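Report on the structure given below.
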Amino acid sequence: MDRNIIKRHVVAIDISTEQTTYAVVDLQGGILAKESIPTADYAHVNEYVSVLSDKIIQMVEQNGGYESIRSVGVSAPSANFITGSMENASNMPWKGHVPLAALLRDRLGLAVALGNDAHVTAVGEKSFGAARGLRDFLVVNVSSHGGVGSCICLDGKPCLGADGFAGEFGHMCLVQDGRQCSCGLKGCVEEYTSERGLVKTVLELLDETGKDSVLKGAEKMTIQSIADACEQGDEVAIEAFRRTGTYLGRALATYASLIDPEAIILTGDMVTQAKWLGDSVREAFDAHIFQNLKGKVDILISPLNNNERDLLGASALAWEVKEYSLFK
């Protein structure tokens, strides 16, 4: 192989509980090719890595060839950038510590960088989204499947902490002795601001108020179905979003008071319904933030497509890892 070839592409991988999407991405964030496989079909991680690697190799050979690929970036739940492992991912089929970066590196022969969803989102926002030009900012992701995650960026760099777990915003206590969280604690931010938190608020309102609602007796509620109820003028749905926005704004105010960011960038399924969150996020934020910061912190909504954000972030992460190849 010619050592002077300029590598213009990376492989980006976005792993969720339902599917794994992988793509070839160029320097400008252009997605040249994209495919996916169902994550949950593979009970054993070795089988998963084997199938995924074969699929990636096939895609790469059809889109510029292996010699054009510099490295690989991966977004995954409960991923630790420092160790390169997925650690105790409760909603994934593989338990304990899974050295995913090493497994992929051995199969693909390329450098692999692994980050959790929020870390990868922050890198993507810095490279392609709302964080361009910012140095001190927070990214908070509120999604249907991933709960609530965040990443702290100071002086232009993600702050991961001593063990790689900094930014667990979703598991800060928001309500003393509040709702039981899947993490084992009570009253966590995630239990009030994620999709499941919104659904629980709807159920509480139905019980408290006794009001009629199109959501009463629904087999399954989602962010979208509750937003659809709002469109029909459903008072319970509208109030549930308002309360959720208030919870989120109050929690963000505490976060911002500690960090003093230029901006907070919100991403994920929940914020696509900003219309129904209305002014409640900002009002609660302004009411609870440290007074010296009041009016100084922007709350921004990511301009990036929800379906591509993590792929773009994973591609940006790939460019930052030290280059390595078995084929040099």
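For region 182-208, enumerate the residues that are hydrophobic (A, V, I, L, M, F, W, C) and open to solvent by 50 Å² or more (accessible area, probe 1.4 Å). Within region 182-208, Cys183, Leu185, Leu203 qualify. For region 44-101, a residue qualifies if it is basic (Lys, Arg) and assigned to a helix (DSSP H, G or I), and exactly one does: Lys55. Return only the number of the condition from (1) more than 27 Å from Trp319 (Cα to Cα); (2) under 17 Å from the mean Cα position of the chain (by Cα); (3) not basic (Lys, Arg) that Asp177 does not satisfy. Condition not satisfied by Asp177: (2).
Annotation note: of Glu195, Glu191, the sole residue that is among the charged types (D, E, K, R) and in contact (Cβ under 8 Å) with a residue 24 or more places away in the chain is Glu195. Residues that are surrounded by fewer than 20 Cβ atoms within 10 Å (Cβ to Cβ), among the hydrophobic types (A, V, I, L, M, F, W, C) and out of contact with any Leu (no Cβ under 8 Å at 6 or more places or on another chain) within region 72-104 comprise Met92, Trp94, Ala102, listed in sequence order. Please tell me if Gly64 is in contact with a helix residue (DSSP H, G or I) (Cβ under 6 Å, 6 or more places away or on another chain) and of a type outside the set (A, V, I, L, M). The answer is no for Gly64. Quick one: Gly73 ticks every box in (1) in contact with a Lys or Arg (Cβ under 8 Å, 6 or more places away or on another chain); (2) at pLDDT 90 or above bar one, so which box is it? With respect to (1) in contact with a Lys or Arg (Cβ under 8 Å, 6 or more places away or on another chain); (2) at pLDDT 90 or above, Gly73 is out only on (1). Kindly evaluate Ala253 against the criterion of being farther than 23 Å from Gly129 by Cα, crowded, with 19+ Cβ neighbours inside 10 Å and in contact with a helix residue (DSSP H, G or I) (Cβ under 6 Å, 6 or more places away or on another chain). Against the criterion (farther than 23 Å from Gly129 by Cα, crowded, with 19+ Cβ neighbours inside 10 Å and in contact with a helix residue (DSSP H, G or I) (Cβ under 6 Å, 6 or more places away or on another chain)), Ala253 does not qualify.
Check Val24 against each of (1) at pLDDT 95 or above; (2) out of contact with any His (no Cβ under 7 Å at 6 or more places or on another chain) and name the one condition it does not meet. Status for Val24: all satisfied but (2). Here Lys211 passes the criteria (1) out of contact with any His (no Cβ under 6 Å at 6 or more places or on another chain); (2) in contact (Cβ under 8 Å) with a residue 60 or more places away in the chain; (3) of a type in the set (D, E, K, R) except the one numbered (2).
Given the residues Ser50, Ser90, Ser85, which is the only one that is among the hydroxyl-bearing types (Ser, Thr, Tyr) and in contact with a strand residue (DSSP E or B) (Cβ under 9 Å, 6 or more places away or on another chain)? None of the others qualify; the one that does is Ser85.
Can you find even one residue in region 211-232 that is acidic (Asp, Glu), within 29 Å of Cys173 (Cα to Cα) and part of a helix (DSSP H, G or I)? Scanning region 211-232, I find no residue that is acidic (Asp, Glu), within 29 Å of Cys173 (Cα to Cα) and part of a helix (DSSP H, G or I), so the answer is no. Within region 289-328, if we keep just the residues that are assigned to a loop (DSSP other than H, G, I, E, B) and open to solvent by less than 20 Å² (accessible area, probe 1.4 Å), the residue that is farthest from Lys275 (Cα to Cα) turns out to be Ile289. Lys34 - would you say it is modelled with pLDDT of 95 or more and charged (D, E, K, R)? Yes.
The values are calculated or read from the model by the stated rules, or taken from the named source; none is laboratory data. Source: prediction; values computed, not measured. With ideal geometry, Cβ positions are generated from the backbone for all residues, glycine too; neighbour counts draw on all protein chains shown. For the accessible areas, the whole protein counts, side chains as well, though only heavy atoms, and no ligand, DNA or RNA atoms are used. Shrake-Rupley method; radii C 1.70, N 1.55, O 1.52, S 1.80 Å.
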